[in-house]
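The values are calculated or read from the model by the stated rules, or taken from the named source; none is laboratory data. Everything numeric in this text was worked out from a predicted model, so none of it was measured. Counting neighbours? That spans all protein chains shown, and the Cβs are built from the backbone with ideal geometry, glycine included. Note: areas computed on protein heavy atoms with side chains; ligands, DNA, RNA excluded. Shrake-Rupley method; radii C 1.70, N 1.55, O 1.52, S 1.80 Å.
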2 protein chains.
Amino acid sequence: MVLAGLWAFLLCACVLGHPKQTTSGGEDMRNCSVTPPFLPVTAVNTTVRLKDFRQHMETKGLDAYIIPDTDAHMSEYIAEHDERRRWISGFSGSAGNAVVSKMKAALWTDSRYWIQAERQMDCNWELHKEVGTLPMATWILAEIPAGGQIGFDPFLFSIDTWKSLDLHLQGSNRSLVAITDNLVDQVWGTERPSLPSQPIYYLQENFTGSTWQEKVTEIRNQMQTHSNAPTAVLLSALDETAWLFNLRSNDIPYNPFFYSYTLLTNSSIRLFVNASRLSSDVLQYLSSDCTGPMCVQIEDYGRIQESIQKYSVEDVRVWIGTEYTTYGLYGVIPQEKLVEDSYSPVMVAKSVKNRKEQDLLRAAHVRDAVAMIRYLVWLEENVPQGTVDEFSGAEQVNKFRGEEEFSSGPSFETISASGLNAALAHYSPTKEIHRTLSQDEMYLLDSGGQYWDGTTDITRTVHWGIPSSFQKEAYTRVLMGNIDLCRLVFPSSTSGRVVEAFARRALWEAGLNYGHGTGHGIGNFLSVHEWPVGFQSNNIAMAKGMFTSIEPGYYQDGEFGIRIEDVALVVEAQTKYGGSYLAFEVVSLVPYSRNLINTTLLLPEQLEYLNQYYKTIRQKIGPELQQRNLKQEYEWLLKNTEPLIDNSSWVRLPASLTILVATTLALALGQSL
Amino acid sequence: MVLAGLWAFLLCACVLGHPKQTTSGGEDMRNCSVTPPFLPVTAVNTTVRLKDFRQHMETKGLDAYIIPDTDAHMSEYIAEHDERRRWISGFSGSAGNAVVSKMKAALWTDSRYWIQAERQMDCNWELHKEVGTLPMATWILAEIPAGGQIGFDPFLFSIDTWKSLDLHLQGSNRSLVAITDNLVDQVWGTERPSLPSQPIYYLQENFTGSTWQEKVTEIRNQMQTHSNAPTAVLLSALDETAWLFNLRSNDIPYNPFFYSYTLLTNSSIRLFVNASRLSSDVLQYLSSDCTGPMCVQIEDYGRIQESIQKYSVEDVRVWIGTEYTTYGLYGVIPQEKLVEDSYSPVMVAKSVKNRKEQDLLRAAHVRDAVAMIRYLVWLEENVPQGTVDEFSGAEQVNKFRGEEEFSSGPSFETISASGLNAALAHYSPTKEIHRTLSQDEMYLLDSGGQYWDGTTDITRTVHWGIPSSFQKEAYTRVLMGNIDLCRLVFPSSTSGRVVEAFARRALWEAGLNYGHGTGHGIGNFLSVHEWPVGFQSNNIAMAKGMFTSIEPGYYQDGEFGIRIEDVALVVEAQTKYGGSYLAFEVVSLVPYSRNLINTTLLLPEQLEYLNQYYKTIRQKIGPELQQRNLKQEYEWLLKNTEPLIDNSSWVRLPASLTILVATTLALALGQSL
């Protein structure tokens, strides 16, 4: 899927163009410039909440308080329990930070959410159409008098966010005050959804690449060989702990994670979690009844700060991933006892899938392709009848995925966007607001599934009627970008950042581009956006065994949107002259839209690649469809994987034939080549 | 030219393969493992120097002292006056840092210089085949006991080098001690070459893009609009001051610079230079007899630190470029009075050439092409006679350049390398050690000129006999890389780093690569490596009006080397769908080697580009050769710019003809396509 959440921060500043309103506007949005203000039914009354909140602020001597959009694990998706910014402001979008001062309340969010914010916020709130710490700091400097105290929850701030805000306010005589006891929670009180408490379970052996014991040993080996000799690794991202122990649960939407931390030392393993969620079977699985280096000690989730603080008193060095550890934990470890890397060794180890994990992910993609093909066939049948809308379509594809073996729900909120809605890179339809799919418009579906063996993510863009030549050109250039990156051969340890332009070259050539990233890692029944793999500057270098999405796009504001996304495995490349080179092997196996491809734009090598890909799809998905007796789908597959021929072909002629052909053509055309 | 000096630091760590010895070895290199040690005649006896030096160290209470390879301006080339590391160690290579402790002396340099170091150093010196601050710090930690004091000259350290060393030594109980009075200079004494003192002159108006007054006004405008409101800009790189005032001299080899600093404040202009070098004419040109904001006050070069310190007492903010300002100046300005950017506004303004500067640089490249073509023709005549060697060749090309109008010498030490020597990316022949050019070997010439209107830099690789098919393939793939990057269309403000892989793709595809950067900025009668333009991560984004070299290569260790380098101007691109896009316009106008191009590897678009380039060369250089009556050169030009035809062509057939041709071919081949 196109990058959201944590990714969105990187993305939003550069989204090309702003979304136009997709509904009539006015009536369903607030108007604070009339008296009395007009508020739509969707607006949330925050007057009482803010009054209570400001009383709490006063008690603490604060002039303002910052409410970010994340949780204590810097999660991309958060549980309702953590939706503080939503509760205080009424705004439910996934990205957006708020500041409440004595007199004002302000929200900063990106263009995806401006309309939604106008619908959901009442007139207590200012909307700022910017993101990042600078606009927020600028506002604070303007609104809060010198000497002012700005409160924040250190567990909801990344190290970088804190440093950045602190830098902006430096020398201004306004200070950031860390308040561990979250102020919103105090006001939210009993209304606040409780912490998720479903059982935590372990994965069956056939769904894991290694046992947790093997993983622990591997990480400890890395600790020993690290030049700064860390004595412990602190895991604060939820997927780190889930991956390490092969444990899963259901706390976070779309992600099978559970609230947890891990402190893995050279002589102990401490898992911070709500112990009541662990059955005796799980406790036994974790060897929690012993105290040796391969026994997992269960400590209460809430004790993490205290425990880290205590541990840090000793002669220790704690290895952390600075990209996602919160300032709250970072701040309690003395500087000289920190071993800082962008990503923890668990994050890095997790990104390289071993052979078994690769096979599991490949298998999930085969079943996922079946679900996708069933949906595309279903659309071909039903769209012409005018009975499908964006929302029902999304439900249908989720249904097809749900029927696949090992299915465990969607891996993110399905982006099902018709016509101009697809130009909004992160649009998702709702039951209330959606567009009917039409033969005369393009339709973009960006969706994925969670399966016990793997997480999937794929985007296809289709048109059931006659696309314009510009739509075809744009689609073809996006496809050329996808192909050019997918077929690239590059040296081992190349950073994604230096090769992602191959996905853009064909678009650039015509003066087209897209304003989002080109891809992200993906997990085995973990995150659909799995750090630290991808094509951004803060991703790590590509290595054999990593999986990444490759997803160029093009968005024509107010008209249509195109994205073609596949997941690819990084494999060793065999080159003519050897050397240590890598290449991508695409594991998403769903045909592209033939009627949107202008073959005359494709270079011979791109065409060759495409036909080879179609052959692979037939080989791998064909038998699956036949076996399940999905006849209509099988026929559709055959039709849509027929080799493409350039009907104004590039022909490579052998030297001996050049003159012959030139002569023939000269005769035929009455002119020389 | 391939990146050297400051660039080399980035390069050396990743040079692929190590150079083999190009001479018999043994006899001309030291052997410290025999008794008594064997020293070649080229070795420098440093025993007395080191003894004196250590006495000075003892006086200062130092346990070690670091001697880097640069000057107080972080210059790429340095005057003899600053060759401290050479004097103390005997080693004359351009890159390499030394540390002298009480008992040992050690030098760190990269693979280009290992043989040279073994020839020039005596057995007082250890050679460390590594670069960067970490190996040096590791050595210091091993050799210097806790409590040790390590002296250094803060004016020979960049901010980053200091920070990096300081970090490595942190917590080790060894401290870096800044000693302003350079210790080598004290021992060097009267033997030390004096500061250059030739006159400083100003450029005639027809060789400048703007007057110094216009430039000063522009920089002051930038100071006013900067969010941190700097009150002054401190210029410490020599080309900053030379560019700002349109002044030149002759202090530094290959660079027309003079020892200087500038402190440009919002109300004054202070030029730090040896005043005796300025004629009354120059003083008048600088309006040095008044004191207003557009008058240049001349202060002594040696007073810079004291002056900056004094200025920093007031309520000021000094804007510096942190990439090249020394720790010596950085350290005297209080942190809160610094406005830090990677590059000063002068550095950035200088990188964008206005229309007149562009025309000047283009004109220099036309004359430079004439000199290059004269040389290539001369080689074709003389190499078969066996009378040309690398060194005499280098002298010949310098001679041809010297005969061009406005010539002011070479812009760097000519890389003239035959056969296996060309595999050493920075090889330069000497009068004593060189190889004879042969029809049976490839020859690489990387050279450039200084002209009053512009600086040039071009590399061509040739073969006068029958190259192997691997040599042709490698050459063609390097050329494809050059073409692919040269013909790229990319959005405004794209960083070079994200597009440089286009110069490597064709090589990567076959498992080939090169271990140096892909290009660098270039000046108008300034540096041949002009920061901050280029394709590295610390270069700034591409903008219209910048010039950069584009220089992919391939190096077959022990056999041959290939590099194809052109200088290109960044221009606005006209795309089909508009938008703000950029492209390169190549201004180096010298044909490539036809007998090294395997046209069957080229894609149709690459071939088309190449033939268009040849047409441009004919148009721009042809008349110049004719006008000068250089008949042989003109004929050579025509022969070498004949359109290339792929003798196993890709033919794009119009749709209507596809079937016809297919049928014809089927008939001809007795098989279907």
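Tallying residues that are assigned to a loop (DSSP other than H, G, I, E, B), farther than 30 Å from B:SER267 by Cβ and without any contact (Cβ under 8 Å) to a residue 60 or more places away in the chain within the stretch B:175-218 yields 1. For the stretch B:557-580, the tally of residues that are open to solvent by 20 Å² or more (accessible area, probe 1.4 Å) and either facing another protein chain (nearest Cβ under 10 Å) or of a type in the set (Asp, Glu) (or both) stands at 10. Taking the condition in contact (Cβ under 8 Å) with a residue 40 or more places away in the chain and farther than 23 Å from B:ALA474 by Cβ, does B:THR455 pass? When the stated conditions are applied, B:THR455 passes them.
Looking only at residues in the stretch A:464-473 that are assigned to a helix (DSSP H, G or I) and either more than 9 Å from chain B (Cβ to nearest Cβ) or modelled with pLDDT under 95 (or both), the one that is least open to solvent (accessible area, probe 1.4 Å) is A:GLN471. Do we find a residue being open to solvent by less than 10 Å² (accessible area, probe 1.4 Å) and within 21 Å of the chain's Cα centre (by Cα) anywhere in the stretch A:403-411? Checked the stretch A:403-411: at least one residue is open to solvent by less than 10 Å² (accessible area, probe 1.4 Å) and within 21 Å of the chain's Cα centre (by Cα).
Screening the candidates A:ILE308, A:ILE298, A:ILE304 for the property of being buried (at least 16 other Cβ atoms within 10 Å of the Cβ), over 29 Å from the mean Cα position of the chain (by Cα) and under 27 Å from A:THR208 (Cβ atoms) yields one hit, A:ILE298.
Looking only at the stretch B:256-285, residues that are assigned to a strand (DSSP E or B) and open to solvent by 10 Å² or more (accessible area, probe 1.4 Å) come to 2 in all. Would you confirm whether or not the stretch B:442-455 contains a residue that is part of a strand (DSSP E or B) and open to solvent by 20 Å² or more (accessible area, probe 1.4 Å)? Checking the stretch B:442-455: not a single residue is part of a strand (DSSP E or B) and open to solvent by 20 Å² or more (accessible area, probe 1.4 Å). Please work out if A:ASP389 is open to solvent by 50 Å² or more (accessible area, probe 1.4 Å) and either more than 19 Å from the chain's Cα centre (by Cα) or not assigned by the TED database to the domain that holds A:VAL590 (or both). No.
Condition check ((1) polar (S, T, N, Q); (2) within 10 Å of chain B (Cβ to nearest Cβ); (3) without any contact (Cβ under 8 Å) to a residue 60 or more places away in the chain; (4) not in a strand (DSSP E or B)) across all residues:
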site: A:GLY481; (1), (2), (3), (4): no, no, no, yes
site: A:LEU485; (1), (2), (3), (4): no, no, no, yes
site: A:GLY511; (1), (2), (3), (4): no, yes, yes, yes
site: A:TYR514; (1), (2), (3), (4): no, no, no, yes
site: A:ASN538; (1), (2), (3), (4): yes, no, no, yes
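Would you check if A:THR161 is in contact (Cβ under 8 Å) with a residue 12 or more places away in the chain and buried (at least 21 other Cβ atoms within 10 Å of the Cβ)? Considered against the rule, which asks whether it is in contact (Cβ under 8 Å) with a residue 12 or more places away in the chain and buried (at least 21 other Cβ atoms within 10 Å of the Cβ), A:THR161 comes out as yes.
Scanning the stretch A:589-603 for residues being modelled with pLDDT of 95 or more, among the aliphatic types (A, V, I, L, M) and more than 28 Å from the chain's Cα centre (by Cα) gives a total of 2. For the stretch A:317-339, which positions are buried (at least 17 other Cβ atoms within 10 Å of the Cβ) and over 30 Å from A:SER197 (Cβ atoms)? Selection gives A:ARG317, A:TRP319, A:LYS337, A:LEU338, A:VAL339. With respect to A:SER593, is the statement that it is of a type in the set (Gly, Ala, Ser) and facing chain B (nearest Cβ under 10 Å) true? Spelling it out, it is not the case that A:SER593 is of a type in the set (Gly, Ala, Ser) and facing chain B (nearest Cβ under 10 Å). Quick check on the stretch A:238-255: of everything there that is of a type outside the set (Asp, Glu) and assigned to a loop (DSSP other than H, G, I, E, B), which residue is most open to solvent (accessible area, probe 1.4 Å)? Of everything passing the filter in the stretch A:238-255, A:ASN250 is most open to solvent (accessible area, probe 1.4 Å). Could we say that A:ILE150 is outside the structural domain of A:SER260 (by the TED database), farther than 18 Å from A:ARG86 by Cα, more than 26 Å from the chain's Cα centre (by Cα) and open to solvent by less than 70 Å² (accessible area, probe 1.4 Å) here? So A:ILE150 fits the description; yes. Filtered by the rule that a residue be touching a Ser or Thr at 6+ places or on another chain (Cβ under 9 Å) and part of a loop (DSSP other than H, G, I, E, B), the stretch B:540-557 gives B:ILE540, B:ALA541, B:MET542, B:ALA543, B:LYS544, B:GLY545, B:MET546, B:GLU551, B:PRO552. If we keep just the residues of the stretch B:368-386 that are open to solvent by less than 20 Å² (accessible area, probe 1.4 Å) and of a type outside the set (Val, Ile, Thr), which is farthest from B:GLU404 (Cα to Cα)? Within the stretch B:368-386, the match that is farthest from B:GLU404 (Cα to Cα) is B:LEU379. Taking the criterion of being within 8 Å of chain A (Cβ to nearest Cβ) and open to solvent by 20 Å² or more (accessible area, probe 1.4 Å), the only residue of the stretch B:492-503 that qualifies is B:ARG497.
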